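The structure appears right after this line, and notes come after that.
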Amino acid sequence: MSKAKEKLLPGLSASLERIGELTGGSSDILINRFVTGGTDCALICCEGMFSTQTLAELILAPVTAIEDMPSAEALLRHIQENMLLSADRPAAEDYDTLLHLVYSGFAVLLADGCDRALGFGVQGYSTRGIQEPSGEGNIMGSHEGFTETVRTNMSMIRRRLRTPELVMELTTAGEGSPTDVCICYMKDRVPDELTAAVRRSLGSIKAEAVLSSGYIRPFLEKRRFELFSSTGITERPDVLCARLIEGRAAVLTDGIPFAVTVPGLLCESFQTLDDYAFKPWYATFLRWIRGISFILAVLLPAVYAAVVMYHKELLNTTLFMLLAEAEREAPLSIMTESLMVLMMYEAIREAGVRLPKPVGGAVSLISGLIIGDAAVSSGLVSTPLLTMTALAVLGGMVVPQLDPQITVLRLGFLIAGGTLGLFGISLLACAVLINVCATETFGFPFTAPFSPFYRKGMGDTVSRAGMRKLLRRGFTVEEYHE
């Protein structure tokens with residue numbers, strides 16, 4: 001029998017000795033032995049994971065005041081059935097469950113002669129407070145973001161969706177250090193096949209510990225090369241609630257302030273919650289701005305290099321002379337210059353992200369100004385090329401959810417355009433389009449409602465219909481399911 005499912009020993013001393021062997025005598029495991037109701041007992045907890053005041057007032061004081069009981073089983077039955085010591089009172093019959101409760105901030109009570117234990121929810125570990133999301137800003141919506149505590153995140157969702165249709169299934173993922181994960185969905189809107197597939201995927205995670213959303217997302221996606229992730233991600237509870245209402249499932253992970261949503265759609269990367277606070281015509285305008293910015297971010301450097309190097313006939317005389325004059329003194333080819341500038345930008349951005357915050361922003365700003373000005377002044381980079389690159393970088397900032405894809409695709413299209421001209425850009429665009437259209441998760445197409453075309457879903461994609469119309473349509477993503 002594996003240690004993970006080893007049953008609790010009825011003898012208290014033997015059970016405590018076994019716990020010591022399993023934990024390696026770790027110093028943060030606190031074991032307090034005492035006698036109550038005529039039975040030897042032990043209360044086990046993990047230092048720094050529980051509230052001392054709650055433990056003393058709501059657990060220790062009532063339990064130690066119990067009078068004589070005929071047996072240890074009777075004592076635990078009395079505590080479980082007649083005493084409301086905490087709202088969360090799970091039981092443990094094996095050492096794996098017991099230790100998981102202890103490491104999760106529960107206080108676990110063992111009694112001599114009983115082969116089961118009672119847990120009491122007295123969590124009191126330090127956590128980060130609810131703050132505004134750093135990566136999904138908004139103007140007129142909520143300013144609350146998820147935290148690293150899964151139960152706090154669950155409460156923020158429940159506060160917004162006060163309906164019995166909302167189901168939250170708390171389970172674990174990982175083998176060596178099981179991590180609490182919560183599957184959220186609206187039971188009247190999500191296909192049973194989707195929730196079953198999510199459960200199977202989480203159960204197949206063999207990682208020692210789940211430390212980021214990147215440990216989970218690959219198991220919720222197909223095992224094939226995909227340029228875009230077929231799962232969504234958000235750090236805003238209001239955005240997650242909107243996706244749950246649309247019939248999606250979500251996975252919350254303890255220790256990660258992000259929620260993973262299944263399925264993910266391409267169109268959601270160009271939508272924000274502020275779109276529903278503005279007039280439909282203005283929200284539509286903003287979505288077109290994001291779409292155009294995405295195209296410019298990916299294609300502008302490549303098209304510039306291709307036109308200047310291979311298709312000069314597409315330029316009028318004035319523009320051609322200006323570009324020829326600017327590029328005449330440059331010692332490198334346009335494609336090489338563009339690659340150098342883009343890689344320099346990526347290095348500066350990475351430095352700004354990884355450096356301490358007090359100096360990160362200053363380093364990025366100073367590096368961009370000094371290096372950019374020096375490159376132009378020295379003649380290594382032409383001014384038009386630097387302008388095109390800056391516009392492409394600015395366009396990528398408009399759609400931050402797609403930043404990894406934009407960064408790689410921009411370099412790929414630049415190489416294709418600098419090598420084969422507009423023909424190379426067209427070939428790569430076809431390959432990218434095929435890959436994107438083939439992307440799906442659990443039978444939900446990533447490009448819906450564009451491909452396959454679904455007319456009912458078009459009211460909230462490239463344009464935004466009025467709120468009355470959106471509320472009447474009763475739309476869920478289940479209608480996209482193949």
Candidate set: segment 339-358, residues that are under 22 Å from the mean Cα position of the chain (by Cα) and basic (Lys, Arg); chosen: the one farthest from residue 393 (Cα to Cα): 354
Test: residue 458 is without any contact (Cβ under 8 Å) to a residue 60 or more places away in the chain and not acidic (Asp, Glu): yes
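Condition check ((1) of a type outside the set (Ser, Thr, Tyr); (2) surrounded by 18 or more Cβ atoms within 10 Å (Cβ to Cβ)) across all residues:
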| residue | (1), (2) |
| --- | --- |
| 270 | yes, yes |
| 347 | yes, no |
| 353 | yes, no |
| 367 | no, no |
Segments classed as helices (runs of 4 or more DSSP H), wholly inside segment 1-113, with at least 2 members that are over 22 Å from residue 178 (Cα atoms): 12-23, 61-64, 72-82
Selection within segment 215-253 - modelled with pLDDT of 90 or more and acidic (Asp, Glu): 235, 238
Criterion violated by residue 201 - all others in (1) assigned by TED's automatic domain parsing to the domain that holds residue 157; (2) of a type in the set (Gly, Ala, Ser); (3) farther than 26 Å from residue 125 by Cβ; (4) touching a residue at least 24 places away in the same chain (Cβ under 8 Å) satisfied: (4)
Enumerated strands (runs of 3 or more DSSP E) restricted to segment 208-283, each holding at least 3 residues that are in contact (Cβ under 8 Å) with a residue 40 or more places away in the chain and within 25 Å of residue 192 (Cβ to Cβ): 249-253, 259-262
Boolean, residue 181 is closer than 30 Å to residue 76 by Cβ, surrounded by 19 or more Cβ atoms within 10 Å (Cβ to Cβ), aliphatic (A, V, I, L, M) and not assigned by TED's automatic domain parsing to the domain that holds residue 99: yes
Among (1) under 30 Å from residue 95 (Cβ atoms); (2) at pLDDT 90 or above; (3) not β-branched (Val, Ile, Thr) - the single one residue 212 does not satisfy: (2)
Unmet requirement for residue 303, which otherwise passes all of (1) crowded, with 17+ Cβ neighbours inside 10 Å; (2) modelled with pLDDT under 90; (3) among the aliphatic types (A, V, I, L, M): (2)
Qualifying residue in segment 62-80 (condition: polar (S, T, N, Q), under 16 Å from residue 115 (Cα atoms), surrounded by fewer than 16 Cβ atoms within 10 Å (Cβ to Cβ) and within 41 Å of the chain's Cα centre (by Cα)): yes
Search result, residues across segment 8-38 that are within 36 Å of the chain's Cα centre (by Cα) and under 17 Å from residue 113 (Cβ atoms): 19
Options 177, 155: the member that is closer than 17 Å to residue 215 by Cα and either without any contact (Cβ under 8 Å) to a residue 40 or more places away in the chain or of a type in the set (S, T, N, Q) (or both): 177
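The values are calculated or read from the model by the stated rules, or taken from the named source; none is laboratory data. These numbers were taken from a predicted model, which means no experiment stands behind them. Glycine also receives a Cβ, built like all others from the backbone with ideal geometry; neighbour counts cover every protein chain displayed.
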